[in-house]
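Each reported figure results from applying straightforward, stated rules to the coordinates on display, with no laboratory input. Because the structure is a prediction, the values reported are computed rather than measured. Don't worry about glycine lacking a Cβ; one is built from the backbone with ideal geometry, like all the others, and counts go over all protein chains shown.
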Amino acid sequence: MKFFLDTANIDQIKAANDMGILDGVTTNPSLVAREGKDFRTLVEQICRITSGPVSAEVVSTECRAMMTEARELRQIAPNVIIKLPTIAEGIKALKICVAEEIPVNMTLVFQPLQALIVAKVGAKFCSPFLGRLDDIGEDGMKLIHDMRQIYDNYMFETEILAASLRHPFHVLEAAKAGADIGTMPYSVFEQLWKHPLTDLGLEKFLSDWKKLK
Ligand code: G3P
């Protein structure tokens with residue numbers, strides 16, 4: 001499973017990259033707005049830190065305008081992935097992107113037929129939002145299982161990019177369900193290698209070692 005960071009925060013991206021387990025970055029308009037910086041500059045900075053895929057989302061809702069944004073964003077760096085919303089205009093834009101060999105991450109996916117459609121058109125990544133389904137009392141993880149089954153049935157190459165992961169258990173369950181990628185906030189990322197018994201065990205080893213000296 002690949003690990004992406006779901007943030008536009010440069011310090012967090014640098015910290016994760018330094019650990020050697022950062023495979024890519026996803027951003028969205030809310031995350032970019034939180035940083036209060038120029039979008040293009042921010043994407044440039046992120047692409048200098050990681051050579052993995054960096055998703056940059058369009059904010060237009062009409063196909064032609066989406067394509068203008070997509071082509072501009074793609075100029076920033078070769079690893080920029082265009083993020084499009086899974087609405088009719090977004091699917092039309094996806095078709096054009098595929099023809100122009102622009103890699104796309106289809107976002108805001110909440111049900112398996114959306115995932116089937118965007119794979120048929122040729123999305124490189126498809127982003128189901130698990131946490132937001134859980135928020136409204138649905139089973140977000142079931143969507144990953146359904147997507148895995150559908151993509152395997154038809155041998156689609158679209159990668160399942162599990163998004164809206166709110167805690168380490170989401171990451172674990174998404175991995176078991178066969179998601180290709182998990183994108184998560186830094187607060188979740190930094191919990192992936194932590195366990196209280198590791199810290200306690202190390203403390204004990206070091207205090208025993210001091211006694212020997
Ligand atoms: O970037 C898309 C997704 O990961 C957002 O997550 O927690 O705002 O639902 P969340």
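Quick notes on this one:
- Two-decimal ratio, region 2-212, of alpha-carbon radius of gyration to 2.2 N^0.38 Å: 1.11
- Each Lys and Arg Cβ is given +1 and each Asp and Glu Cβ -1; about its Cα centre, region 146-213 then shows a dipole of about 640 debye.
- Of the GluC sites (Glu not before Pro) in region 38-94, the ones in a loop by DSSP (not H, G, I, E or B) with at most 16 other beta carbons within 10 Å are E62.
- Chymotrypsin sites (Phe, Trp or Tyr not before Pro) lying in DSSP loop within region 126-196, provided at most 14 other Cβ fall within 10 Å: Y154, W193
- Relative contact order computed over the chain (Cα-Cα under 8 Å; 6+ residues apart), in percent: 17
- Per-residue Karplus couplings for region 53-60, computed as 6.51 cos²θ - 1.76 cosθ + 1.60 with θ equal to phi - 60°, are listed in order as x, 10, 7, 10, 9, 6, 10, 7 Hz, Gly and Pro entered as x.
- The count of lysine pairs in region 2-212 that are at least 8 places apart or cross chains, and whose C-alpha atoms lie under 24 Å apart, stands at 26.
- For region 133-200, alpha-carbon Rg over 2.2 N^0.38 Å: 1.26
- Note on I96 and L206: the extension gain reaches 33.6 nm, defined as 0.36 nm multiplied by sequence separation minus the Cα-Cα distance.
- Cα-Cα separations in region 163-213 greater than 14 Å, expressed as whole percent: 61
- The chain, helix-only ellipticity at 222 nm - DSSP H runs n ≥ 4, -39,500 (n - 2.57), divided by all residues, nearest 500: -15500 deg cm²/dmol
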